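Trainee: My structure is below; once you've seen it, I'll send some questions.
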């Protein structure tokens with residue numbers, strides 16, 4: 001009996017174990033299927049998240065590019081606004097000077113109610129008075145002469161850089177010759193006479209004067225023993241130096257100058273100083289006046305501005321200019337070098353007009369001048385021509401005579 005019970009028990013135990021294993025395997029399969037579905041869902045969400053990230057990144061890049069574009073436009077607008085503000089500031093300065101002049105000319109009548117017509121009449125009278133005063137600048141010398149011809153050419157020497165300036169002191173009884181080589185330097189050479197300068201091996205010593213500041217360009221001049229020049233690294237500062245001791249005795253800022261080269265063919269010169277029978281002058285180009293040339297009469301002692309004239313002579317294609325008896329003569333050329341011509345003039349006394357004067361040619365020498373200086377005593381032009389120091393003799397006429405072409 002006991003022998004039959006044991007096999008039956010074992011058989012029952014095996015059946016129970018198999019049933020349990022069968023139930024366990026089905027549960028594992030369900031769990032695995034569930035986990036797989038969850039993984040698929042997670043992958044889908046990750047893909048969606050990645051797509052969203054790429055989209056946001058692209059939008060951020062587009063927005064950044066758009067902002068950079070706006071910043072560039074703002075920079076241009078800022079520059080234009082600054083330019084306009086500078087222009088307005090310059091015009092306001094001029095208006096203030098004119099108003100100050102008119103206030104000095106028109107008496108204060110706070111207790112009297114003036115009619116508008118009377119006020120306009122007084123303003124016109126004050127402006128006419130100003131023009132008359134400008135036209136009445138006179139000196140002891142006869143200044144009724146005008147240029148009629150650039151007659152002859154003499155090459156004195158070849159010295160220094162291809163750009164430079166040389167001239168004589170136009171003061172009475174002064175024979176000294178001065179040379180400033182280059183467009184940026186601080187050493188001036190002084191010669192006792194033109195003969196001493198022209199000698200290849202000069203027997204008289206050459207005096208080298210160390211200046212307190214470097215110069216800019218080629219628009220310098222010596223007058224009554226003082227050197228007047230444009231101080232380097234400044235837009236419009238004129239320095240006056242005593243040549244006896246090489247020290248600066250005065251300086252001034254020329255209003256409106258320094259923003260444009262005075263002559264387009266001499267791009268390193270922003271101020272050109274000149275001397276004629278009337279005294280000391282400064283020439284510059286004004287971008288607010290279409291780039292045309294402006295001439296200013298300066299007091300040689302204090303460097304104070306006496307008067308300023310806006311001319312119709314353009315700075316484009318100009319290589320130099322000089323003044324004679326209050327008349328500006330502008331010399332033109334080409335960018336490739338050629339025969340220099342005087343094509344525009346401006347007379348502060350309004351007695352000579354460009355349309356009444358024919359084009360005047362320089363003697364044939366097909367190069368370009370870096371400086372031209374008129375000597376009122378010698379009636380000669382001292383020019384720097386591609387490193388050659390050149391003298392032009394000029395013929396003059398009375399300014400009430402009309403020359404034929």
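Each reported figure results from applying straightforward, stated rules to the coordinates on display, with no laboratory input. None of the values given here were measured: they were computed from a predicted structure. Cβ coordinates were reconstructed from backbone atoms using ideal geometry, including for glycine residues, and neighbour counts include every protein chain displayed.
Trainee: So between residue 73 and residue 47, what do we pick up on full extension, going 0.36 nm a residue minus the alpha carbon distance?
Mentor: Contour length minus the Cα-Cα distance gives 5.4 nm.
Trainee: Then there's this: Averaging sequence separations of C-alpha pairs under 8 Å and six or more residues apart, then dividing by the length of segment 141-398, give the relative contact order as a whole percent.
Mentor: RCO, segment 141-398: 21 percent.
Trainee: Continuing with the same structure: Any idea what the relative contact order of segment 261-321 is, in percent, if you count C-alpha pairs under 8 Å spaced at least 6 apart?
Mentor: Normalised by residue count, the contact order of segment 261-321 is 32 percent.
Trainee: Could you work out how much longer the chain between residue 336 and residue 162 gets when fully extended? Use 0.36 nm per residue separation minus the Cα distance between them, nm to one decimal.
Mentor: Between residue 336 and residue 162, full extension yields 61.1 nm more.
Trainee: Which whole-angstrom value gives the distance between the alpha carbon centres of segment 161-178 and segment 224-251?
Mentor: Cα centroid to Cα centroid, the span is 15 Å.
Trainee: Then there is this: Counting other beta carbons within 10 Å of each residue's own, what order do 67, 183 fall into, fewest first?
Mentor: Taking fewest neighbouring Cβ atoms as first place, the list is 67, 183.
Trainee: Return 215, 384 ranked ascending by Cβ neighbour count within 10 Å, so the fewest neighbours appear first.
Mentor: 215, 384
Trainee: What whole number of Å gives the distance from the Cα centroid of segment 36-55 to the Cα centroid of segment 299-349?
Mentor: Cα centres, segment 299-349 to segment 36-55: 79 Å.
Trainee: Moving to a separate point now. Kindly rank 227-238, 274-285 from highest to lowest mean number of other beta carbons found within 10 Å of each residue.
Mentor: 274-285, 227-238
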